[in-house]
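Note sheet for the following structure.
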There are 2 protein chains.
Amino acid sequence: MRIGEVARSAGVSVRALRYYEEQGLLTSDRTPGGHREYAADAVGRVRFYQQLYAAGLPSRRIAELLPCIDTGTTTAEQRDMLDAERARLQGRIAELTDALARLDEIVAAAEARSA
Amino acid sequence: MRIGEVARSAGVSVRALRYYEEQGLLTSDRTPGGHREYAADAVGRVRFYQQLYAAGLPSRRIAELLPCIDTGTTTAEQRDMLDAERARLQGRIAELTDALARLDEIVAAAEARSA
DNA sequence: CTTGATTCTGACGTCCACGTCAGGTTCTAG
DNA sequence: CTAGAACCTGACGTGGACGTCAGAATCAAG
């Protein structure tokens, strides 16, 4: 697959894909002319990265987790990091849920007035 | 309350409070000498803003919502925005929950290998 | 072989919530 | 009255994930 197709399939920009490669998150072969050629799993990987970005993980952390994602083996340090990220994520979900509740209060109050 | 006390109570920096004022999110009186003097509800407001920031709302949007938060009245446009933000938040919570599940998969796989 | 679409490599620009430094003023305790 | 803490206003710096533009090369179709 070429970069444009991967971008469209994954719903990101071409620039983003080049950026991921810069950060060591995505690899590609090259055509004789130098154009990138992606393996079939590229789209899935990119979608996964987008999830992790949305979860607040920076590229650097994702890169650190890559080996254990790909090989399934982890060092104690990586397991600690995974646990920490898990905890952080759960915290964020709680925060968002709380924020949602407060927005709901506002909506409810507004509807009460307009009704 | 003076700015340092508000900052400590709310768990943010002094700089952040000045920034919120710059963005029209927070008001303050001034002492004759020009120092800021905050009302009692400032801490609560700041905590709320932090929640909304954590939820991904930029200052500009918060500022747009301020009138309906404060007065309880909303225009149709504001209600639409509130609904949109609500939906966005729910979407994000779903994303994070999903990302958490994927991290869990990795942790589980790693533990299986090490066990 | 030509044309138009796609891709390439730099490299600077952007947005946002502040951090940080400079240089000066105000407040408060003793 | 004085020292030190706290505060003031600019204004530039920061980090992250790209956007965007320039100028050139490659690719796929006819």
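Entry remark, the range B:2-14: residues being open to solvent by less than 20 Å² (accessible area, probe 1.4 Å) and either away from DNA strand C (no atom under 11 Å from the Cβ) or closer than 26 Å to A:Tyr53 by Cα (or both) number 1 in total.
Remark: pairs (first residue in the range A:16-35, closer than 16 Å to A:Arg47 by Cβ and within 8 Å of DNA strand D (Cβ to nearest atom); second residue modelled with pLDDT under 95 and part of a strand (DSSP E or B); Cβ separation under 7 Å; 6+ apart in sequence or on different chains) are absent. Residue count for the range B:15-36 under the criterion of being surrounded by fewer than 13 Cβ atoms within 10 Å (Cβ to Cβ) and either of a type outside the set (Gly, Ala, Ser) or in the same structural domain as B:Leu89 (by TED's automatic domain parsing) (or both): the result is 8. Has the range B:54-68 got at least one residue that is in contact with a helix residue (DSSP H, G or I) (Cβ under 9 Å, 6 or more places away or on another chain), open to solvent by 40 Å² or more (accessible area, probe 1.4 Å), more than 10 Å from chain A (Cβ to nearest Cβ) and among the basic types (Lys, Arg)? Yes, that holds for at least one residue. Assess whether A:Ala84 counts as being without any contact (Cβ under 8 Å) to a residue 40 or more places away in the chain and within 10 Å of chain B (Cβ to nearest Cβ). When the stated conditions are applied, A:Ala84 does not pass them.
Apart from one condition, A:Asp80 fits all of (1) away from DNA strand D (no atom under 14 Å from the Cβ); (2) closer than 14 Å to A:Val12 by Cα; (3) open to solvent by 50 Å² or more (accessible area, probe 1.4 Å); (4) not hydroxyl-bearing (Ser, Thr, Tyr); the exception is (2).
The values are calculated or read from the model by the stated rules, or taken from the named source; none is laboratory data. Keep in mind that this is a model prediction, so the values were computed, not measured. Glycine also receives a Cβ, built like all others from the backbone with ideal geometry; neighbour counts cover every protein chain displayed. Please note that ligands, DNA and RNA were not included when accessible areas were found on the heavy atoms of the full protein model with its side chains. Shrake-Rupley method; radii C 1.70, N 1.55, O 1.52, S 1.80 Å.
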